[in-house]
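One structure is given here, and the rest of the page talks about it.
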Amino acid sequence: MSDSPLTTAHRLLVEAIDALSAATDAATDDDLLSVLTLCEGTSRRLDRLTVSTVATLERRGTFAERGYKSTPAALGDLLGWERFEARQRVVAAEQVFPRVSLDGAALPAKLPATAAVFTAGHTGLRHVAVIARVLASPAAERLAPEVWAGAEAQLAEKAAVYTPSELQTWGTALVEALDEDGPEPTTVHPRRSTNYTWSGTAASPAAR
């Protein structure tokens, strides 16, 4: 009897991680730096898969059917996550994946530009949380829809080169400037950041 696709995927994932771990035994310094890059890229891919799965389960109402009043509570019981960890995944699921309205109509992601860079692996979960928080601020809520959408696109672009804390600072200044119809904020600082791109299953650094 053949394995199910999920069983096969799990076996291959474990084998790949074991092989990567074994490859570090006699690795050079450059090799070890590449391992860090690959692990970060793989982690982001797994985060995306986790968030996508949470979004699907929410759309299906799976947790509610099993008696849970909230998805974070369900994830805490299932995976042993702290509430903030569970909430971070739920927020991302609500923001960067398609939704379903109360009448069953399909709705696009709330943050489409952020969804694009998150799916591509250029940002992490904390970046998504920052963008969602900045765009839910009182100043952002006063923006016209087209201005709000433009701010979201700019935040998504900057997420590829800024750390989450830098993005929070820059994004807050951007929204406040747009709320006052003032000049956009300047760059946080001229740091060159390392972004992650994927080729197949490997991650490689690409200077921004």
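The values are calculated or read from the model by the stated rules, or taken from the named source; none is laboratory data. All figures in this text were calculated on a predicted structure; none of them were measured in a lab. Glycine gets a Cβ as well: all are built from the backbone with ideal geometry, and neighbour counts include every protein chain shown. Ligands, DNA and RNA are excluded from the accessible area calculation, which covers all protein heavy atoms including side chains. Shrake-Rupley method; radii C 1.70, N 1.55, O 1.52, S 1.80 Å.
Assorted remarks:
- Of note, Val35 does not satisfy the criterion of being touching a Lys or Arg at 6+ places or on another chain (Cβ under 9 Å), of a type in the set (A, V, I, L, M), surrounded by 14 or more Cβ atoms within 10 Å (Cβ to Cβ) and assigned to a helix (DSSP H, G or I).
- Selection of first residues in region 10-25 that are in contact (Cβ under 8 Å) with a residue 60 or more places away in the chain and of second residues that are in a helix (DSSP H, G or I), restricted to Cβ pairs under 9 Å at least 6 apart or on distinct chains, gives the following pairs, ordered by first then second residue: Ala16/Thr42.
- Filtering region 56-77 to residues that are open to solvent by 50 Å² or more (accessible area, probe 1.4 Å), assigned to a helix (DSSP H, G or I) and over 23 Å from Pro98 (Cβ atoms) leaves only Asp77.
- Matching entry among Glu40, Glu15 (being more than 28 Å from Ala115 (Cα to Cα) and either surrounded by 10 or more Cβ atoms within 10 Å (Cβ to Cβ) or in contact with a strand residue (DSSP E or B) (Cβ under 6 Å, 6 or more places away or on another chain) (or both)): Glu15
- Selection from region 123-150 of residues that are of a type in the set (Lys, Arg) and within 23 Å of Arg87 (Cα to Cα): Arg126, Arg133
- Residue satisfying condition, being under 27 Å from Arg126 (Cβ atoms) and polar (S, T, N, Q), within set Thr42, Thr7, Thr28: Thr42
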